[in-house]
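The values are calculated or read from the model by the stated rules, or taken from the named source; none is laboratory data. Computed from a predicted model, the values in this text were never measured in an experiment. Neighbour counts run over all protein chains shown; Cβ positions are idealised from the backbone, glycine included. Surface areas here come from the heavy atoms of the whole protein model, side chains and all, with no ligands, DNA or RNA. Shrake-Rupley method; radii C 1.70, N 1.55, O 1.52, S 1.80 Å.
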Amino acid sequence: METVLKIEKVVHRGLGLGRLDGKVWLVPFTAPFDVVRARAKEIKKGYIEGELLSILEPSPLRVEPKCPYYGRCGGCHLQHINERSQPDVKAQIVKEAFERAGLRDVEVSEIVSQSPWHYRHRASLHCANGVTGFYEMGSHKICEVSSCKICVPKINDAIQTLKETLKDVPRADVEVSVDAKAQVFIVLRTDFPGAKKVAQTLFAKGAGRCVVIEHPSGRRTKIGNPDLCLKTWDENGTEIEVVVFPTVFFQVNMGLNRTLVETVLKMLSPYCGKTVFEGYCGAGNFTVGLAKGGAKVVGVDTARDALEGLDEALKKLGLDADLIIGDVAQVAQDFAKNRRTFDLVLLDPPRQGVHKALKDIGKFGAQRIVMVSCEVSTLARDVRFLCGFGYKVKRVVAIDMFPQTFHVETVCLLEVV
Ligand SMILES: C[S@@+](CC[C@H](N)C(=O)[O-])C[C@H]1O[C@@H](n2cnc3c(N)ncnc32)[C@H](O)[C@@H]1O
């Protein structure tokens, strides 16, 4: 089935929405005001997933995508929309996600953006039988690339060396990170017998300060110095260093991370002397500032390496926090059972969101909860759930930490009504 559609807006997953005969069509790579010819790919419950055939009348927001792999590589979804308009498109995506979750009166009070290109400090590449690149859109097929326009230049240098060095490797997943001191780290996830030799060659070629092999069993081999340096800030803007192992999570847009930290600390303020439950604290991007500002933080994360780095950084500053290695849901359940209470709650979960743990976190009696998320659909679901405990959304700030993609970092403040 083919049709002509006028695109009204861009919704979740970066898809353009058009309507025809009371039916909603979602078509990738379209922009608001485009008139397009589309073909139905799949009839879903409530909408038709379309495929773009041709653009009949281009939207004034349209630009020529800069990347030669755009449309095939799965990394970017919005390069065809000009950089000035992308933040507004994302603010709309956030608002709609809240509406779909039944929260109609939530407004995005601020959308912050910065450099739209060369901002990513970490890239996850895949390599198989001489092909190195990113996964294609919606598949595990590798789209071979020689550089990436949203990654920092040092990642692109590393891609060149990886392509030469990994050409005989049957299969490896590769993570390249560039830390706050512009040092490069490579993690090879593979189990083929010659992996160590390849890692040594990469190190000898100067591809990274450290090359780590992470075997499927969890065993690790490291060559070089694994101290990856992250930066965070306290409420006065004082910079603080946290040193972690190269496999630890960090915010890939280091340029906008300061805005993220400032936004979160401001929403939780005043926190001096207050008890804070911080779920998914990682290497302490927010924990350090909270502890430095006098909060009594309980930080929970499953990543032992991240908490070790955080513990070290706190010790250097003469600070303390209660750091628990564990699952947030399990810890929250134990705390709720023991009727433990907190003044404030901060949650920064992975894409799946917090979900089940909220039934216990909601019992902590916190006056304010700040939620941070890069996946607005699960954020909206979780916020809606918290509203059932008597919380109301007070402020939503969207930070465009992932330009050219549909992802957006959203920070949401909830208060007891
Ligand atoms: C989005 S990151 C946030 C980390 C940190 N707040 C930051 O800004 O760098 C999510 C964190 O959740 C942790 N994590 C994932 N699932 C978890 C779980 N079930 N319980 C506790 N931590 C978890 C990961 O190890 C990771 O550090």
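Which of 19, 72, 368 moves most in a GNM of the chain, Cα contacts under 10 Å?
Largest GNM mean-square fluctuation: 19.
Where only protein heavy atoms count, and the probe is 1.4 Å, what is the accessible area per residue for the chain in Å²?
44 Å²
Note down the accessible area of residue 281, probe 1.4 Å, to the nearest 10 Å².
Around 10 Å² of this residue is reachable by solvent.
Can you list the HN-Hα couplings for segment 62-73, worked out from phi with the Karplus curve (6.51, -1.76, 1.60; θ = phi - 60°), rounded to whole Hz and with x for Gly and Pro?
6, 9, 6, x, 7, 8, x, 9, 4, x, 9, 5
With a point put 7 Å past each Cα toward its Cβ, work out how far residue 334 is from residue 118 in nm, to one decimal.
Output for this residue pair reads 4.7 nm.
How high is the FRET efficiency from residue 204 to residue 236, r the C-beta distance, R0 35 Å, rounded to 0.05?
My answer for the efficiency is 0.20.
May I ask which of 154/266; 141/205; 9/41; 154/222; 231/316; 141/356 have a Cα-Cα span longer than 23 Å here?
Exceeds cut-off: 154/266; 141/205; 141/356.
Suppose the chain between residue 304 and residue 4 were pulled fully straight at 0.36 nm per residue; how much longer would it get relative to their current alpha carbon spacing? Write out the running numbers ahead of the final one.
Numbers: separation 300, 0.36 × 300 = 108.00 nm, distance 5.33 nm.
Gain on extension, residue 304 to residue 4, equals 102.7 nm.
What is the distance in Å between the Cα centres of segment 135-151 and segment 271-323?
36 Å
Give me, ordered by chain and number, the residues 5 or more places off residue 20 or on other chains with an amide H under 5 Å from its own placed amide H.
25
Using 0.36 nm per residue, how much length does the chain from residue 66 to residue 40 gain when fully extended, once their Cα-Cα distance is taken away?
On the way: separation 26, 0.36 × 26 = 9.36 nm, distance 2.76 nm.
Roughly 6.6 nm would be gained on extension.
Count charges around residue 234 for me, please; just the other residues with Cβ under 13 Å from its Cβ, Lys/Arg as +1, Asp/Glu as -1.
Numbers: positive: 231, 258, 266, 292; negative: 235, 239, 241, 262.
Value of the local net charge: 0.
Of the beta bridges DSSP finds with both residues in the chain, what % are antiparallel, to the nearest 5?
Percent antiparallel among DSSP bridges in the chain is about 70.
For the chain, give the magnitude of the charge dipole about the Cα centre (Cβ charges: +1 Lys/Arg, -1 Asp/Glu; no others), in debye to the nearest 20.
Magnitude of the dipole: close to 520 debye.
Which of the GluC sites (Glu not before Pro) found in segment 1-51 are in a DSSP loop and have at most 11 neighbouring Cβ atoms, other than their own, within 10 Å?
Those that pass, being in a loop and sparsely packed, number zero.
Tell me, in nm to one decimal, what length is gained between residue 33 and residue 182 on full extension, where the rule is 0.36 nm per residue of separation less the Cα-Cα distance?
Numbers: separation 149, 0.36 × 149 = 53.64 nm, distance 4.12 nm.
Result for the pair: 49.5 nm of gain on full extension.
Whenever you get a sec, line up 325, 223, 361 from highest to lowest accessible area (probe 1.4 Å, protein heavy atoms).
Result, largest first: 325, 223, 361.
Under a GNM of the chain (C-alpha, springs under 10 Å), which listed residue has the highest mean-square fluctuation: 74, 18, 218?
Evaluated over the chain, the most mobile residue of the options is 218.
List every residue whose amide H lies under 5 Å from the amide H of residue 74, counting only residues 5 or more places away in sequence or on a different chain, with H placed 1.01 Å from N in the peptide plane.
Residues meeting the amide H criterion: 135, 136, 137.
Using the charge dipole of the chain (Lys, Arg: +1 at Cβ; Asp, Glu: -1 at Cβ; taken about the Cα centre), state which of 233, 269, 73 has its Cα farthest towards the positive end.
It is 73, whose Cα lies furthest towards the positive end.
Please give the calculated 222 nm ellipticity per residue for the chain, where each DSSP H segment of at least 4 residues contributes -39500 (n - 2.57) and the sum is spread over every residue; nearest 500 deg cm²/dmol?
That calculation yields -7000 deg cm²/dmol at 222 nm.
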